[in-house]
1. What is the projected area of the convex hull of the Cα atoms of the stretch 634-739, averaged over all directions, in nm²?
2. Wrap a convex hull around the Cα atoms of the stretch 236-377, take a quarter of its surface area, and give that in square nanometres.
3. Hey, fewest Cβ within 10 Å first, where do TYR376, TYR216 land in order?
4. Sticking with the crude label model, points 7 Å out along Cα→Cβ, report the distance from PHE55 to ASP12 in nm, one decimal please.
5. Work out the P(r) tail for the stretch 208-288: percent of alpha carbon pairs separated by more than 14 Å, whole number.
6. What's the Cα-based Rg to Rh of the stretch 23-170, Rh via Kirkwood?
7. How big is the stretch 394-455 by Rg and Dmax over its Cα atoms, in Å?
8. Rounded if a/c is under 1.5, else prolate if a/b is larger than b/c, else oblate: which is the stretch 819-902, with a ≥ b ≥ c the root eigenvalues of its Cα gyration tensor?
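Every number in this text was worked out from the coordinates using simple rules, so none of it is lab data. Everything quoted here is computed from the prediction, not taken from an experiment. Methodologically, a virtual Cβ is constructed for each residue, glycine included, from the backbone with ideal geometry; neighbour enumeration extends over all protein chains shown.
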Amino acid sequence: MIFDGSMHQLPDIDPVETREWMESLDAVINSHGKTRARYLLSRLLERAQHNQVSFPATVSTPYVNSIPREQEPWFPGDEHIERRIRAYVRWNAAAMVIRANSRAPGIGGHLSTFASSASLYEIGFNHFFKGKDNGQPGDHVYFQGHAAPGIYARAFLEGRLSADDLDHFRREIGRDGKGLSSYPHPRLMPEFWEFPTVSMGLGPITALYHARFNRYLLNRQLDDTTGSRVWAFIGDGECDEPETLGAISLAAREQLDNLVFVVNCNLQRLDGPVRGNGKIIQELEAVFRGAGWNVIKVIWGSKWDDLLARDVDGVLLNQMNTTVDGEFQRYIVENGAYIREHFFGADPRLRQMVSHLTDDDLSVLPRGGHDYRKLYAAYRSATENLGSGRPTVILCKTVKGWTLGPGIEGRNATHQIKKMTPDQLRELRDRLYLQDEIPDSALEADEPPYFRPSESSTEYQYMMERRRALGGAVPKRTITARRPLQLPDPQVFSELRGGSGEQSVSTTMGFTRLLRNLARDENFGPRVVPIVPDEARTFGMDTLFRELRIYASQGQKYEPVDHDLLLSYAESVDGQILEEGITEAGSMASFIAAGTAYATRGVPMVPFYIFYSMFGFQRVGDLIWQAADARTRGFLLGATAGRTTLLGEGLQHQDGHSLVLASTVPPCQSYDPAFSYEVATIIEDGLNRMYGKDPEDIFYYITLYNENYPMPAQPTSVESGHITRGLYKFAEAPEAQLSATVLFSGSAHTAARVGADELLKYFGVGVELWSATSYKTLREEALECERIARLNATHPPATPLVARLLADSKGPIVAVTDFMRIVPEQVARFLPNRTFIPLGTDGMGRSDTREELRRYFENDAANVVVAVLHALQQEGKVGPEVVTRALEMYNISPDTPSPFLQ
Ligand SMILES: Cc1ncc(C[n+]2csc(CCOP(=O)(O)OP(=O)(O)O)c2C)c(N)n1
Ligand SMILES: [Mg+2]
């Protein structure tokens, strides 16, 4: 902004002085050149910063380490022993992948990612990552998914895993399901991994919101989180994902100096270079600095410091600044002579600078991300940054496949190499100086051996002492409640059970009331975490702003425009509502942070994330899958659900398929309630299942509608268990000549109930009505019955619940929903010998009135009547003239366009 002429808009109070400064600069450029001028300007900026002259930060700095050699702290570790430990970890990580692939070709695994980042992790293990001993929550470390072999290898050295465990890398079936998962998956290794990271981009965004949630817990005085830092290890290629960088401004805005991103800049991703024609480190520096982060670059290893010290003309710096990443990658696979010719050959002064070094010296000039002291300095600086209000990103330049030898290091194919020849293994062994530990004879076997130093060895003792000093093993997942939760008083739910009398209300309004009641519960209330992505008003939840207040780490520094209203916009440091702004991804990340706090912090929290149902599963489905992996507990509420219930918004808003997508997530309990009492029952049951005596690692998806109607009271014949099992009889069939059964879900109950009345009145059909709250639950139970029957040939087969419940129901079954027909069809197969006709909303949405939409999608009351009569005709109970009469009566024409493909 300084360089774009904007300064000309301000008055110059001393033009003579200004001119003198300008002329001095011109003189420097003329006599000493641009490099010198640049140097002086940079020094001036440094001085300005030092003197607290506020100045907009430049977004990028030269391509050198941010921490100069003279500012590096004393390294407190034993460098020699740590190098040995690192070598063991590196060796075992490679061995486990190679062994896995020799035993099961194609099983996969990665050698090169961890090979590039071993030092990044080891410096953390030996000096920074805090463990969970003595009930402490420790640090929260998000490991890069593809680096998993290295993390297992270290756990093996620490004695946490056995050789047999390592030999079950990616072999999770058998051995009681106790394999080592391919990547960090708490769902599969619930005592080891804490954070799923392998779907790229999701690790960084969830780590970021986790750091923010820790501040939320602190500010609401629910947990002292000051001792925990969030570390997120990320790939440079991973930074292409919008989720990786999309929320970084939040971290600066929220002053998350408890957050450290470590980006492993090995300049490569899966196919090739990340930015062959550019410089990923410079690009990321600009992005993070621009967002207000503290950026630490670790580019060059110590040996480069001597060269930089001789760079009086700035030629080396210029070469560093202008060499593109594709070229740097090339230097990895070429020899010293090539580097001399191409990197140092550009200028005679450069060539001179390295004339005392041999070609071999040049080829091993290390990158900063493999230099232990440089890394230590960076991590130390990041941890000492606490109090500055700025999150830190450490950009470490590394080599992909480092130490794995010339066939693998820096090659474009390196990411997917999983095998090594005996010669390559020998080379690796030599490179790691493990000749004593792994003699040639050991390499003659079919598989490379593991190596674990004895418990009396200095290396083992050192490593274990370091972990003891830092509070125990990492990673480790525990679920000891440091602050247990007390479930709400059952009275909280009773208000909704009584119905709304004459008053027309929506299930969304019912839910909001319940949420308020839950938050008011004396003991349980503080654990409620309402999350909304700028949609509270849409759902009528602005009524909660004043009472629960919106969380704002800086409080409210202004008097809101609506301060004189009862429902004013109230922000507060200890506010309860997470009003995330327009970010469904960020809201999901908060949902995960809150819904896993029972494990990560030992403080169970209960997130209620309310969103436009259309922008849930289909927009952030991968984050929902990640939530399932992370064993998140809580409630997802898909509001404005139903393709014909939300009117006027059109095809990008009207959701008729989130329940289909929900059916794909195993731990997700999905419900489509029609009435407020059902909502209350489902939530009460959910709280018991997730936070009661034997807590389950599940979460709920509940649809909420915005259509108003009088809410019936819970019929006395209906027990809570009936509602939560997925299907219950809502009304008996009246006496009539003909019989039919209609299942309804959610807002489609109106079509079912009105249709039933008209069937009786005009066609003599008595309809029994059933509320189908969860087809997913019914289907899963039925699948299990089917499976047990298939695997037990001699046992009498169990009848699925859905078939048992409907066994006495009469006539054909019509199932009506505001979702796609495939939702009720989930159970059709388990009702053999029954006519089953689903009515739903297949096709893309439209904007119109509810009546028109329901007629268009053919799921209104008239179509329920027609469907029932059509089914009776199929069963030979009525003739075609009866159906025709209905079609005419309701003015339904076969010539209307089919909504399916529109
Ligand atoms: C969302 C997603 N897309 C694609 C992949 C497949 N994938 C796995 S690793 C990888 C390349 C990773 O490159 P980088 O982030 O630079 O990590 P590195 O291994 O180089 O440290 C890709 C594309 C994935 N895991 N997740
Ligand atoms: Mg990479």
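1. Spelled out: convex hull of the Cα atoms, projected over all directions, averaged, 9.2 nm².
2. It is 9.4 nm².
3. The most exposed by this proxy come first: TYR376, TYR216.
4. 1.9
5. Numbers: 2134 of 3240 pairs.
Distances greater than 14 Å cover 66 percent of the Cα pairs.
6. Details: Rg = 23.6 Å, Rh = 19.7 Å.
Ratio of gyration radius to Kirkwood radius for the stretch 23-170: 1.20.
7. My reading of the Cα-based Rg and Dmax gives 13.5, 42 Å.
8. Verdict is oblate for the stretch 819-902.
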